[in-house]
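Q: Attaching a single structure in structure tokens format; questions to follow.
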Amino acid sequence: MANRLRLVIPSIISESQQAFVPDRLMSDGCLIAHEIMHYINKTKQGTNCYSVIKLDMHKAFDRAAESRHQIFGLKISRYAPPLSHLFYADDAFICCKATSASFESIRDIFHDFEAASGQMINLQKSFIKFSPNSPADFKSHMTSILRMKVADSFGTYLGVPVDLPKCKKNAFHDLLDKITTRISSWASLHLSQPSKFVIINSILIGSLVHIFAAVPLPLSVSKKLDSLIAAFWWSKNSSQRSIHWLSQPHLHTPKDTGGLGIKSVTVLSQAYLLKNFWRIHHRPTGILAKYLTPKYRKDFHIPNPKSRVSQPSFVCA
């Protein structure tokens, strides 16, 4: 594993030396959304309640509102900057201290947006998640302001599971089902080995990169995906089990060192996680460093065997 990581990481880290691209903004937003969800989920005591709102709408948020202290953004640690919203395309993520004033301000912003743009917010598809310490009557009052339903789980942001349950692999069931369905459809096409190589490395692995860049896959999930890919590589058709003529490590070893060069989901998941730590360490002015360093400032020295922060998130544990 260590040898394969050394082979994969240089090519991935080299991407961090390129100019800023939208895909990186997307992965950064997902990673920060995960940290926000982790902070909210562990807020089980205290008088301060927090909330996140997922909107089915186009951009409709007013930063002037936060500067006027009408909305109080969420801070995951004492010295971290407050965060009130994340936007990417038309996917909106709003987080704030759950108070009547904040929710009334958000409601007024929505009304102004609808009046100015002529668009409507889909209240049926939008929802609010509260921190566990929020009383039931308090949540009922707060939801009446925005007229949105309450959800127990935020689910995904930009297609990435950010609100992870205690059993992390449960959040990736849909991903496994999706990949299984795609592989099954390809297995019936009687593809040649070169065609399978392109499909696996370019199409299948490429569709997972945005997840790798945001959250690490649980080991059981990544190994399951590697097993599905290996079965697809050796299969002759979708109805028969085929013999695996080489072990998985040989399958994933680069061609120039005697392997077949098929990318490993397990290795890539870890490599992209290390890429994020590299970016935080070498780009202290980036959005990830500004938001995560105040909380994990002692943990961003690679290698770090164990987080020094109590109750770290799944990404930074």
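What follows is calculated from the coordinates using simple rules that are stated; it is not laboratory data. Small disclaimer: the values here were computed from a predicted structure and weren't measured. Cβ placement follows ideal geometry from the backbone for every residue including glycine, while neighbour counts extend to all protein chains displayed.
Q: Amide H neighbours of Asp56 under 5 Å, counting only residues 5+ apart in sequence or on other chains, H built in-plane at 1.01 Å?
A: The list, which skips near neighbours in sequence, is Asn122, Ser126.
Q: Taking θ = phi - 60°, what integer Hz values does the Karplus form 6.51 cos²θ - 1.76 cosθ + 1.60 yield along the range 242-250, in sequence order, with x for Gly and Pro?
A: Coupling constants for the range 242-250: 10, 7, 8, 6, 9, 6, 4, x, 5 Hz.
Q: Applying a 10 Å radius around every beta-carbon, put 120-133, 153-166 in order of their mean neighbour count, most first. Walk me through the intermediate numbers first.
A: Working: 120-133: 16.7, 153-166: 19.1.
Top of the packing list down: 153-166, 120-133.
Q: Then there's this: At 0.36 nm per residue, and after removing the present C-alpha to C-alpha distance, how many nm does the segment from Ser144 to Asn170 gain when stretched out fully?
A: Working: separation 26, 0.36 × 26 = 9.36 nm, distance 3.15 nm.
6.2 nm is the gain from fully extending Ser144 to Asn170.
Q: What distance in nm lies between label points placed 7 Å from Cα along the C-beta direction at Ala115 and Ala151?
A: 2.9 nm
Q: Over 25 Å between C-alpha atoms is what I'm after, so list which of Lys75/Lys178; Lys255/Lys275; Lys75/Lys129; Lys224/Lys263; Lys169/Lys236 land there. Before the final figure, lay out each step's value.
A: Numbers: Lys75/Lys178 35 Å; Lys255/Lys275 23 Å; Lys75/Lys129 17 Å; Lys224/Lys263 14 Å; Lys169/Lys236 30 Å.
Exceeds cut-off: Lys75/Lys178; Lys169/Lys236.
Q: DSSP loop trypsin sites (Lys or Arg not before Pro) in the range 193-298 with at most 12 other Cβ atoms within 10 Å of their Cβ, which ones?
A: Values: sites: Lys196, Lys223, Lys224, Lys236, Arg241, Lys255, Lys263, Lys275, Arg279, Lys290, Lys295, Arg297, Lys298; in loops: Lys236, Arg241, Lys263, Arg297, Lys298.
In loop regions of the range 193-298 (DSSP not H, G, I, E or B), the sparsely surrounded trypsin sites (Lys or Arg not before Pro) are Lys236, Arg241, Lys298.
Q: With 30 Å as the limit, write out which pairs from Lys44/Lys168; Lys223/Lys290; Lys97/Lys290; Lys166/Lys290; Lys149/Lys290 have Cα-Cα distances beyond it, or answer none.
A: Working: Lys44/Lys168 20 Å; Lys223/Lys290 33 Å; Lys97/Lys290 20 Å; Lys166/Lys290 27 Å; Lys149/Lys290 33 Å.
Pairs exceeding the cut-off: Lys223/Lys290; Lys149/Lys290.
Q: Let me ask something else. So who's got an amide H within less than 5 Å of the one on Cys96, skipping anything under 5 residues away but keeping other chains? H placed 1.01 Å off N, in plane.
A: Ser51
Q: Convert each backbone phi in the range 72-79 into a coupling constant with the Karplus relation 6.51 cos²θ - 1.76 cosθ + 1.60 (shift: θ = phi - 60°), then list the ³J(HN,Hα) values in order as whole Hz, x for Gly and Pro.
A: 9, x, 9, 10, 7, 7, 4, 9
Q: Here's a follow-up. Around Ser84, which amide H atoms from residues at least 5 apart in sequence, or from another chain, sit under 5 Å from its own amide H, with H modelled in the peptide plane?
A: Leu74
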